[in-house]
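See below for the structure under consideration.
The values are calculated or read from the model by the stated rules, or taken from the named source; none is laboratory data. Since the structure is predicted, the reported quantities are computational estimates derived from the model, not experimental observations. Note that we place each Cβ from the backbone using ideal geometry, even for glycine, and neighbour counts take in every protein chain shown.
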Amino acid sequence: MKNFLANKWVHFLLWILIICSEAFSEALNHSYEIAPVIAKAIFGQGLNALIFYCTALLIFPRPKPWSGLGALAMVLIAPVLSYAVYMSIYHWFLGVEFMTYSLELYLYYLTNGILFVLAGYLYGGARNAIALEKKQAQLEREQALAEARFLRTKLNPHFLFNALNTLLSLSLNQQKQLPETLLRLAGILRYNLENRERFLVEVQEEIGPLEDYLFVQQQRLLKDFPVDTRFRPINPQFEIPIFSLINLVENCFKHGDLSRQGWIKLRLRSTKSYLYFSTDNKIGSQSAESPGSNLGLESLKKQLDLNFPGHYRLERREEGERFQIRILIWH
């Protein structure tokens, strides 16, 4: 509908259809020659088009009450202008007199003018509504992108601080895991830098950095801390908001119970038609009620609203000591 209203060729073809319909109707009903009848229709509907577009593009956008006064003036002027055009052009230049002046003729033009002014108002209103909708959508998109950037700058330093402490601990203890941990951390940073202007990535691009993130986090935890992952991306090209999986997993480490009694379970599946991802962890002493804990979920929801409106489900569930997040995106 939006493209239909904005397409110039659609407007052109509609006016051609109106002109042809009027010309052939008069030629058949009154046995007029086709040439002057077509000329009459072109000039007459050209005037109607002028009334229509002047109302829609010049009068309607003006602030009230000027738009109403302009429409009233157009209604009053249009019949006089129509009569002048008919009498001068059709009679003087074409040598054809289709009708003589009468009150009935004036009322016909008055009704005709009112109809095209109203049509112009309706079109102007629809056009204005579409423009406002596009502007609102653009503002929402810019806001979502700004929040995504902010979320990235807020969460990454928190992770880097812990990662650097882990590297320091490994270096002091001369752990063999230090080189691999450095490589994994570099992979996460490279993923962030190379995709800083992107807001959607293929799920296969996110899995590598996510696994690197899990490796780095586990280096600072108990070696036997249970992180159960099952990633089965049947369709690895399925697109998701960048850092969405990593941010959700970070919540598990940030607000979960990381003692021997804790756990983290991650599930991922992707097909041609849908993507499913879930996190399941035991709630720590600082649960998801702590300040800022919902920042990632709020930002992710806005990104999903922006990129997958009506095609996703985001669930947050808390049962006793258990906290779960589930995302389902479908085409």
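Worth a mention:
- Here ALA39 fulfils each of the conditions (1) within 12 Å of LEU118 (Cα to Cα); (2) modelled with pLDDT under 80 apart from (1).
- Residue, surrounded by the most Cβ atoms within 10 Å (Cβ to Cβ), within the stretch 311-331, restricted to residues that are basic (Lys, Arg) and at pLDDT 95 or above: ARG326
- Flag if ARG220 is under 17 Å from ARG326 (Cβ atoms) and either buried (at least 21 other Cβ atoms within 10 Å of the Cβ) or assigned by TED's automatic domain parsing to the domain that holds LEU314 (or both): no
- In the stretch 295-315, residue nearest to PHE238 (Cα to Cα) [restricted to those that are part of a helix (DSSP H, G or I) and aliphatic (A, V, I, L, M)]: LEU304
- Applying a threshold of 7 Å to beta carbon distances and a minimum spacing of six or more residues, or different chains, the list of pairs starting in the stretch 123-148 at a residue that is in the same structural domain as LYS302 (by TED's automatic domain parsing) and under 28 Å from ILE51 (Cα atoms) and ending at one that is surrounded by 12 or more Cβ atoms within 10 Å (Cβ to Cβ) and not acidic (Asp, Glu) is empty.
- Contacts under 7 angstrom Cβ, first residue in the stretch 1-18 being assigned to a helix (DSSP H, G or I), partner exposed (fewer than 11 other Cβ atoms within 10 Å of the Cβ) and at pLDDT 85 or above, 6 or more apart: none
- Those residues of the stretch 191-217 which are of a type outside the set (A, V, I, L, M, F, W, C), surrounded by fewer than 21 Cβ atoms within 10 Å (Cβ to Cβ) and not in a strand (DSSP E or B), in sequence order: ASN192, GLU194, ASN195, ARG196, GLU197, ARG198, GLN204, GLU205, GLY208, GLU211
- Top-ranked residue in the stretch 177-226 [being of a type in the set (A, V, I, L, M) and touching a residue at least 60 places away in the same chain (Cβ under 8 Å); ranked as farthest from TYR276 (Cα to Cα)]: LEU200
- For the stretch 237-257, the criterion of being within 22 Å of LEU145 (Cα to Cα), small (Gly, Ala, Ser) and touching a strand residue (DSSP E or B) at 6+ places or on another chain (Cβ under 8 Å) is met by at least one residue.
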